[in-house]
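Here's the structure, in structure tokens; my notes come after.
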Amino acid sequence: MTVDNDIYQEIRPYNDNEISDAINRLINDQEFIDAILNHRFEHTASWLRTLMTPLVRVYLKYKWGKLKTVHDVQMEVKKYMTKALDTTTDGVTYSGLDKLDTNTSYLFVSNHRDIAMDPALVNYGLHMHKHKTVRIAIGDNLLKKPCATDLMKLNKSFIVKRSAKAPREMMKALGLLSSYIKHSLDTGNSIWIAQREGRAKDGNDMTDAAILKMFFMEGRKQKLSFADYVKSLKIVPVAVSYENDPCDTAKACELFEKETHGSYEKSEFEDIESIVQGIIGYKGRVHVSFGEVITQDVEGPDALAEEIDRQIHNIYKLYPVNLLAADQDDDGITDKVRSEFKAKLDSIPEGARTHLRAMYANPVRNGGKSN
């Protein structure tokens, strides 16, 4: 490891020489083992789950003991990913990757619908099309437990410190993040980052200009113009579209709660539950569209946000359910599509139904592509 890399140690993913120790920490972390047991054997008596703890540890040592490098970890993740996509989707398709160079590092700025699956799907497509996988930006609000941090940093995730509150601390954290993103790109590592903090629960994919200002902090330090620095980042907008969002009714109810009471209080494990539901829930067809590298002069964060939004909205793949929700006619809107959407609407409070409809209709209103 170089001295330069040390300044990023707190936020960067693990290097090859740190993999074994991180895996051992996970295997010996009781909270991690409990989480596995509670998920896989939720209907088993708690005393029996306790007895199973040593067996889980032995199994994990057998399965993961041979993983020594980041590549090893990602190949193990690929097995789980392939199985998950086979069992929870009706097929995953990709477009736009043929226009990207396998030897170039890109800054992928993506819409954000699912906490874990969005970057996982981007990574899967890149890997299957012979590109290097990305380093993934993840908020520290999802890393409240040491085992969660180990798990994410094993799989090329780096930490976005959203918990910093004091202005000076926040500026320092953002400056380091901006520097790390540029350092990664300059050393041959592509980046995935969401276009905004948190998921677009209303289906309205809009870029937060504050994230783009963060990108430029390192450029300002280097005394470069905004336009020139943006070109050096090789930004590629990405649109991930799910025919069925496994978390859609939960999102609609949350938005209704906020609308009704002015706020919404998450339960302690809600983010983890959303991650699990997003992975194991049925998604229907899934499409990931890669846009074009932004090479034109953009004179500021707002103009850059507009261009990212324009591309994401134009390349977003629409499904019949989107057109149904937007009250548009289409031959693909079958009786099955109508009955399934009605059943979903009927399963939630009446006030939440408007939000569910909007979630699927907004990509149509924003100009998505039906194909």
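The values are calculated or read from the model by the stated rules, or taken from the named source; none is laboratory data. Just so it is clear, the structure is predicted and the values come from calculations on it, not from any experiment. Neighbour counts are summed over all protein chains in view; Cβ atoms, including those assigned to glycine, are modelled from backbone coordinates with ideal geometry.
Condition first: at pLDDT 95 or above, farther than 30 Å from Glu268 by Cα, not acidic (Asp, Glu) and not in a helix (DSSP H, G or I). Can you find one or more residues in region 132-146 that meet it?
Yes: region 132-146 contains one or more residues that are at pLDDT 95 or above, farther than 30 Å from Glu268 by Cα, not acidic (Asp, Glu) and not in a helix (DSSP H, G or I).
In this structure, is Tyr80 at pLDDT below 95, under 19 Å from the mean Cα position of the chain (by Cα) and closer than 27 Å to Gly278 by Cβ?
So Tyr80 fits the description; yes.
Looking at region 259-271, I want the residues that are free of Cβ contacts under 8 Å to residues at least 40 places away in the same chain and have a partner that is surrounded by 10 or more Cβ atoms within 10 Å (Cβ to Cβ) and part of a loop (DSSP other than H, G, I, E, B) with Cβ atoms under 9 Å, at least 6 apart or on another chain. Which pairs are those?
Hits for this filter: Glu268/Lys144.
Which residue is farthest from Val122 (Cα to Cα), if the candidates are limited to region 67-79 and must be of a type outside the set (S, T, N, Q) and surrounded by fewer than 17 Cβ atoms within 10 Å (Cβ to Cβ)? Walk me through it before giving the result.
Taking region 67-79 first, the residues of a type outside the set (S, T, N, Q) are 67-68, 70-73, 75-79.
Keeping just the survivors that are surrounded by fewer than 17 Cβ atoms within 10 Å (Cβ to Cβ) gives 68, 71-72, 75-76, 78-79.
Values: Lys68: 24, His71: 17, Asp72: 19, Met75: 15, Glu76: 17, Lys78: 12, Lys79: 15 Å.
The selected residue is Lys68.
Select the helices (runs of 4 or more DSSP H) contained entirely in region 272-371, then report the ones holding at least 1 residues which are over 23 Å from Ile235 (Cα atoms) and without any contact (Cβ under 8 Å) to a residue 40 or more places away in the chain.
320-325, 335-346, 350-365
Does region 35-47 contain at least one residue that is touching a Lys or Arg at 6+ places or on another chain (Cβ under 9 Å), closer than 18 Å to Thr149 by Cα and of a type outside the set (Ser, Thr, Tyr)?
Scanning region 35-47 turns up at least one residue that is touching a Lys or Arg at 6+ places or on another chain (Cβ under 9 Å), closer than 18 Å to Thr149 by Cα and of a type outside the set (Ser, Thr, Tyr).
(1) surrounded by fewer than 21 Cβ atoms within 10 Å (Cβ to Cβ); (2) closer than 23 Å to Met214 by Cβ; (3) among the β-branched types (Val, Ile, Thr); (4) without any contact (Cβ under 8 Å) to a residue 60 or more places away in the chain: which one isn't true of Thr82, the others all being true?
(2)
Considering region 279-291 alone, what residues qualify as being touching a strand residue (DSSP E or B) at 6+ places or on another chain (Cβ under 9 Å), surrounded by 14 or more Cβ atoms within 10 Å (Cβ to Cβ) and not basic (Lys, Arg)?
Scanning region 279-291 gives Gly284, Val286, His287, Val288, Ser289, Phe290, Gly291.
Looking at region 174-196, is at least one residue surrounded by fewer than 16 Cβ atoms within 10 Å (Cβ to Cβ) and not in a helix (DSSP H, G or I)?
Checked against the condition, which is being surrounded by fewer than 16 Cβ atoms within 10 Å (Cβ to Cβ) and not in a helix (DSSP H, G or I), region 174-196 yields at least one hit.
Among the residues of region 204-211, is there at least one that is at pLDDT below 95, in contact with a helix residue (DSSP H, G or I) (Cβ under 9 Å, 6 or more places away or on another chain) and surrounded by fewer than 16 Cβ atoms within 10 Å (Cβ to Cβ)?
Within region 204-211, not a single residue is at pLDDT below 95, in contact with a helix residue (DSSP H, G or I) (Cβ under 9 Å, 6 or more places away or on another chain) and surrounded by fewer than 16 Cβ atoms within 10 Å (Cβ to Cβ).
Asn17 passes all but one of (1) surrounded by 11 or more Cβ atoms within 10 Å (Cβ to Cβ); (2) part of a helix (DSSP H, G or I); (3) of a type outside the set (Lys, Arg); (4) at pLDDT 95 or above; which number fails?
Going through the list (1) surrounded by 11 or more Cβ atoms within 10 Å (Cβ to Cβ); (2) part of a helix (DSSP H, G or I); (3) of a type outside the set (Lys, Arg); (4) at pLDDT 95 or above, Asn17 breaks only (1).
Determine if region 106-120 includes at least one residue that is surrounded by 13 or more Cβ atoms within 10 Å (Cβ to Cβ) and more than 17 Å from the chain's Cα centre (by Cα).
no
Tell me the residue from Gly65, Gly96, Gly91 that is touching a Lys or Arg at 6+ places or on another chain (Cβ under 6 Å) and of a type outside the set (Val, Ile, Thr), please. So that I can check it myself, show each step before the final result.
Details: Gly65 fails: touching a Lys or Arg at 6+ places or on another chain (Cβ under 6 Å); Gly96 fails: touching a Lys or Arg at 6+ places or on another chain (Cβ under 6 Å).
Residue meeting the stated conditions: Gly91.
Tell me which residues, restricted to region 25-48, are buried (at least 16 other Cβ atoms within 10 Å of the Cβ) and not in a helix (DSSP H, G or I).
Answer for region 25-48, where residues must be buried (at least 16 other Cβ atoms within 10 Å of the Cβ) and not in a helix (DSSP H, G or I): just Asp29.
Of all residues being assigned to a helix (DSSP H, G or I) and hydroxyl-bearing (Ser, Thr, Tyr) in region 221-265, which is surrounded by the fewest Cβ atoms within 10 Å (Cβ to Cβ)? Just the residue, please.
Checked region 221-265; the qualifying residue surrounded by the fewest Cβ atoms within 10 Å (Cβ to Cβ) is Thr260.
Would you call Tyr180 within 18 Å of Arg135 (Cα to Cα) and of a type in the set (Phe, Trp, Tyr)?
yes
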